[in-house]
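Chemist: Please see the structure below; I have some questions.
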Amino acid sequence: MLLAGAKKEGSLTLYTSITTEDMTILAAAFEKKYDVKVRFWRASNEDILQRAVLENRGGRYDADLYETDAAGLEGLRREALLQPVNSPVFADLISQAVKPGAWIGTRLNIITGAYNTNSLRASAIPKSYADLVDPKWKGKLGIEAGDSDWFATVVSSMGEDKGLKLFREIISKNGASVRKGHTLVANLLASGEVPMALTTYLYKVNQLKSAGAPIEAFQLDPTVARVNGIGLSNHSPHPNAALLFFDFMLTDAQQILAGRDFFPTSLKAGKDLAGMKLTFVDPATMLDDAEKWEKLFNEIVIRQSR
């Protein structure tokens with residue numbers, strides 16, 4: 001019945017923060033299996049949330065689904081823009097992916113450090129955040145400009161006062177090259193323009209490494225993980241197709257994501273997270289305290305960096 005309804009609707013529209021290359025592959029697999037067209041708009045997490053809220057307030061309902069990070073999805077839930085979906089597939093997911101009431105996690109963005117292997121040796125890589133105070137790192141560090149949630153999670157895990165003091169010292173002594181976009185940061189690492197970065201997505205580092213780039217990831221404690229997921233619009237113009245794609249993202253797409261070096265949330269996808277000590281971003285806390293942490297991140301990291 002769901003498939004028949006989806007075929008009758010013929011298409012669905014998705015707002016997504018995943019890269020265009022990766023979503024094109026996922027959409028092609030869905031279209032091949034179900035003969036239902038996927039139209040998607042790719043943007044940042046912040047832009048997806050902003051556009052969704054503005055469109056809904058204006059009575060414009062284009063999106064069937066939103067695929068973005070946990071904070072964005074939690075924001076959509078609070079705006080009452082999502083409708084709950086239940087599925088037996090949820091039993092196959094890690095516990096952090098199941099958010100009863102509105103949205104479900106499909107993949108993890110694991111935020112790690114990474115370095116250019118032509119610029120730095122493995123023996124020189126820091127073992128802790130405290131090691132970054134060393135003046136040898138001056139002019140060699142990169143940070144993504146939107147990672148205030150990573151900053152909040154790391155600082156909070158250290159103890160707020162201690163963590164803020166440490167990052168003030170790191171940045172005041174050694175600075176950082178602040179760039180917008182995790183893909184851009186990873187590509188700058190691969191080219192050698194940035195010797196080492198503190199915030200890259202592990203999947204992107206692995207993709208570039210598999211393609212032959214001189215890049216390697218490393219982990220500092222805590223290693224921060226951000227859940228990305230999918231939510232169904234409560235004004236979906238193509239509800240059958242949207243539900244079919246929602247289910248696809250938790251089943252077939254999980255293996256596709258794993259094959260492209262992502263970290264899917266399904267325990268059946270073959271990605272073993274047991275060896276990783278991950279600290280998860282709390283989306284509710286980040287929404288409630290977003291102004292505080294963005295202000296601190298801007299003050300300590302962005303404004304003091306080159």
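What follows draws every value from the coordinates through simple rules; no lab data is involved. Only a predicted model underlies this, so the values are computations on that prediction, with no experimental measurement involved. Every residue, glycine as well, gets a Cβ built from its backbone with ideal geometry; the counts of neighbours run over all protein chains shown.
Chemist: Going by C-beta contacts inside 10 Å, put GLU67, GLU299 in order with the fewest on the left. It would help to have the intermediate numbers written out before the result.
Modeler: On the way: GLU67 26, GLU299 13.
Ordered from fewest to most neighbouring Cβ atoms within 10 Å, GLU67, GLU299 come out as GLU299, GLU67.
Chemist: Just want the ordering: TRP103, TRP293, from fewest to most Cβ atoms lying within 10 Å of their own Cβ. Could the numbers behind the result be given before it?
Modeler: Numbers: TRP103 29, TRP293 19.
Ranked by crowding around the Cβ, least crowded first: TRP293, TRP103.
Chemist: When only Cα pairs under 8 Å and 6 or more residues apart are kept, what is the percent relative contact order across segment 1-71?
Modeler: Numbers: 80 pairs, mean separation 31.8, N = 71.
With pairs under 8 Å counted, the relative contact order is 45 percent.
Chemist: I would also like to ask the following. Evaluate E = 1/(1 + (r/R0)^6) for ASP131 and LYS268, where r is the Cβ-Cβ distance and R0 equals 45 Å; express this FRET efficiency to the nearest 0.05.
Modeler: Efficiency, rounded to the nearest 0.05: 0.75.
Chemist: While we're on this one: Using the count of nearby Cβ atoms within 10 Å as a rough guide to exposure, how do THR199, THR24 rank from fewest to most? Numbers along the way, then the final one.
Modeler: On the way: THR199 23, THR24 14.
Taking fewest neighbouring Cβ atoms as first place, the list is THR24, THR199.
Chemist: Which value in nm describes the separation of the simple spin-label points at VAL53 and LYS277, placed 7 Å from the Cα toward the beta carbon?
Modeler: About 3.7 nm, to one decimal.
Chemist: Another question, then. How far, in degrees from 0 to 90, does helix 45-57 lean away from the longest principal axis of the Cα atoms of the chain, to the nearest 10?
Modeler: Between the helix axis and the principal axis of the chain, the angle is about 40 degrees.
Chemist: Placing +1 at every Lys and Arg Cβ and -1 at every Asp and Glu Cβ, with all other atoms neutral, what dipole size does segment 189-258 have around its Cα centre, in debye to the nearest 20?
Modeler: On the way: 3 positive and 5 negative charges, 13 e Å.
Computed about the Cα centre, the dipole is about 60 debye.
Chemist: Another question, if that's okay. Find how much the distance from GLU169 to TRP41 grows on full extension, using 0.36 nm per residue of separation minus their present alpha carbon separation; answer in nm with one decimal.
Modeler: Details: separation 128, 0.36 × 128 = 46.08 nm, distance 4.03 nm.
That works out to 42.1 nm of additional length.
Chemist: Treating the beta-carbon of each Lys and Arg as +1 and of each Asp and Glu as -1, no other charges, what is the dipole magnitude of segment 1-73 about its Cα centre, to the nearest 20 debye? Don't skip to the answer; put the middle values down first.
Modeler: Values: 10 positive and 12 negative charges, 71 e Å.
Around 340 debye, computed over segment 1-73.
Chemist: Please enumerate, by chain and number, the lysines with C-alpha under 19 Å from the C-alpha of LYS140, excluding those fewer than 8 residues away in the same chain.
Modeler: Straight-line reach from LYS140, under 19 Å: LYS127, LYS173, LYS180.
Chemist: At 0.36 nm per residue, minus the direct Cα-Cα distance, what do THR251 and ARG60 gain on full extension? Give it in nm, one decimal, please.
Modeler: On the way: separation 191, 0.36 × 191 = 68.76 nm, distance 3.03 nm.
Stretched fully, the THR251-ARG60 segment lengthens by 65.7 nm.
Chemist: Could you list which residues have their amide H under 5 Å from that of VAL194, counting only those 5 or more apart in sequence or on another chain, with H placed in the peptide plane?
Modeler: When sequence neighbours closer than 5 places are left aside, the close amide H contacts are LEU189.
Chemist: Can you tell me the 0 to 90 degree angle between the C-alpha axis of helix 148-158 and the longest principal axis of the chain, rounded to 10?
Modeler: Helix 148-158 sits roughly 60 degrees off the main axis of the chain.
Chemist: Can I ask one more? Using the crude model of +1 on Lys and Arg Cβ and -1 on Asp and Glu Cβ, and no other charge, please compute the dipole size for the chain relative to its Cα centre, in debye to 20.
Modeler: Details: 36 positive and 36 negative charges, 122 e Å.
With only Lys, Arg, Asp and Glu charged at Cβ, the dipole is about 580 debye.
Chemist: Can you give me the distance in nm between label points at SER11 and VAL98, each placed 7 Å from the Cα along the Cα-to-Cβ direction?
Modeler: Between SER11 and VAL98, the label points sit 3.6 nm apart.
Chemist: Going by amide H atoms built from the backbone, whose H comes under 5 Å of the H on ILE215, apart from near neighbours?
Modeler: THR117
Chemist: Per DSSP helix of 4 or more residues, -39500 (n - 2.57); summed, then divided by the residues of the chain. What does that give at 222 nm, rounded to the nearest 500? Could the numbers behind the result be given before it?
Modeler: Numbers: 12 runs with 124 residues, N = 306.
The helix-only estimate for the chain comes to -12000 deg cm²/dmol at 222 nm.
Chemist: Let me ask another. Could you order peptides 225-234, 189-198 by the average number of other Cβ atoms within 10 Å of their residues, highest first?
Modeler: In decreasing order of mean packing, 225-234, 189-198 become 225-234, 189-198.
Chemist: Hey, with R₀ at 35 Å, roughly what FRET efficiency would MET1 and THR24 work out to, going by the Cβ-Cβ distance, to 0.05?
Modeler: Details: r = 29 Å, r/R0 = 0.82.
The computed FRET efficiency comes out at 0.75.
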